[in-house]
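This report concerns only the one structure given below.
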């Protein structure tokens, strides 16, 4: 069973679907040489891809180019369909910081062939997530610094105000297509600065004043 944990009380919440946004920061779209989307770009990760704070990302043997992507994560509360943007925060339980780990070489090959990204984005360990902070403790989720350090060196540093599609618009958009349920997670996209990680690295993600996440990187198991 996959779950997230509340920082204040330690209780856990079972995770359902993990929704992820691509190209939601203009600078990241630019570094990937991709056009800005006119509506949210959505892909999914399985709940089994979750890694808890203090855990490890194991590099799959099928990839030689694993990248970090730090993101603000939204935890869905009361579910629903066709949620208007002005009601979106009523469906948010809390926030955390996460990593959308990506097998960049596998993704590039899939893109070239017009195939889905499921393997590149959904492998076991592809979604490390911090403990979760209640929505009431975060007055404005679009007023936060977001940072990723690799072995103590800053690799990504931006601000959540730079999101192309903000949380109310994202929740509303997803609910027009999917039935959102309590425990679903929404990875809201990464800023610029994505890059490779290697076995032995330590990744430290931070939403300043809200959440921290530390995970290690390990090589594939030898058989």
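The values are calculated or read from the model by the stated rules, or taken from the named source; none is laboratory data. All figures in this text were calculated on a predicted structure; none of them were measured in a lab. So basically every Cβ, Gly included, is an ideal-geometry build from the backbone, and we count neighbours across all protein chains shown.
Based on this model, can you work out whether residue 124 counts as exposed (fewer than 14 other Cβ atoms within 10 Å of the Cβ) and in contact with a helix residue (DSSP H, G or I) (Cβ under 9 Å, 6 or more places away or on another chain)?
So residue 124 passes the test.
Tell me yes or no: at least one residue of the stretch 36-47 is free of Cβ contacts under 8 Å to residues at least 40 places away in the same chain and either farther than 17 Å from residue 180 by Cβ or surrounded by fewer than 16 Cβ atoms within 10 Å (Cβ to Cβ) (or both).
Yes, the stretch 36-47 has at least one match.
Go through the stretch 168-223 and report how many residues are touching a helix residue (DSSP H, G or I) at 6+ places or on another chain (Cβ under 8 Å) and closer than 18 Å to residue 56 by Cα.
Residues in the stretch 168-223 being touching a helix residue (DSSP H, G or I) at 6+ places or on another chain (Cβ under 8 Å) and closer than 18 Å to residue 56 by Cα: 1 in total.
Condition check ((1) more than 15 Å from the chain's Cα centre (by Cα); (2) modelled with pLDDT of 95 or more; (3) assigned to a helix (DSSP H, G or I)) across all residues:
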{"site": "74", "(1), (2), (3)": "no, yes, no"}
{"site": "78", "(1), (2), (3)": "yes, no, no"}
{"site": "82", "(1), (2), (3)": "yes, yes, no"}
{"site": "87", "(1), (2), (3)": "yes, yes, yes"}
{"site": "94", "(1), (2), (3)": "no, yes, no"}
{"site": "105", "(1), (2), (3)": "yes, yes, yes"}
{"site": "136", "(1), (2), (3)": "yes, yes, yes"}
{"site": "149", "(1), (2), (3)": "yes, yes, no"}
{"site": "170", "(1), (2), (3)": "no, yes, yes"}
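Anything in the stretch 1-34 that is in contact with a helix residue (DSSP H, G or I) (Cβ under 7 Å, 6 or more places away or on another chain) and in a loop (DSSP other than H, G, I, E, B)? List them, or say none.
2, 15, 16, 23, 25 - these are the residues of the stretch 1-34 that are in contact with a helix residue (DSSP H, G or I) (Cβ under 7 Å, 6 or more places away or on another chain) and in a loop (DSSP other than H, G, I, E, B).
In the stretch 196-220, what count of residues is obtained for those that are surrounded by fewer than 20 Cβ atoms within 10 Å (Cβ to Cβ) and under 15 Å from the mean Cα position of the chain (by Cα)?
Result for the stretch 196-220: 3.
Only one of these is within 20 Å of residue 26 (Cα to Cα) and free of Cβ contacts under 8 Å to residues at least 24 places away in the same chain: 169, 110, 143. Name it.
Just one listed residue meets the conditions, 143.
Considering each of 74, 97 in turn, give the residue that is crowded, with 16+ Cβ neighbours inside 10 Å, within 15 Å of residue 185 (Cα to Cα), out of contact with any helix residue (DSSP H, G or I) (no Cβ under 7 Å at 6 or more places or on another chain) and touching a residue at least 24 places away in the same chain (Cβ under 8 Å).
Sole residue among the options that is crowded, with 16+ Cβ neighbours inside 10 Å, within 15 Å of residue 185 (Cα to Cα), out of contact with any helix residue (DSSP H, G or I) (no Cβ under 7 Å at 6 or more places or on another chain) and touching a residue at least 24 places away in the same chain (Cβ under 8 Å): 97.
From the list 124, 143, pick out the single residue that is over 16 Å from the mean Cα position of the chain (by Cα) and part of a loop (DSSP other than H, G, I, E, B).
So the residue among 124, 143 that is over 16 Å from the mean Cα position of the chain (by Cα) and part of a loop (DSSP other than H, G, I, E, B) is 143.
So which residues in the stretch 1-35 are over 20 Å from residue 164 (Cα atoms), surrounded by 13 or more Cβ atoms within 10 Å (Cβ to Cβ), in contact (Cβ under 8 Å) with a residue 40 or more places away in the chain and in contact with a strand residue (DSSP E or B) (Cβ under 7 Å, 6 or more places away or on another chain)?
Correct list: 2, 3, 4, 5, 6, 7, 13, 15, 17.
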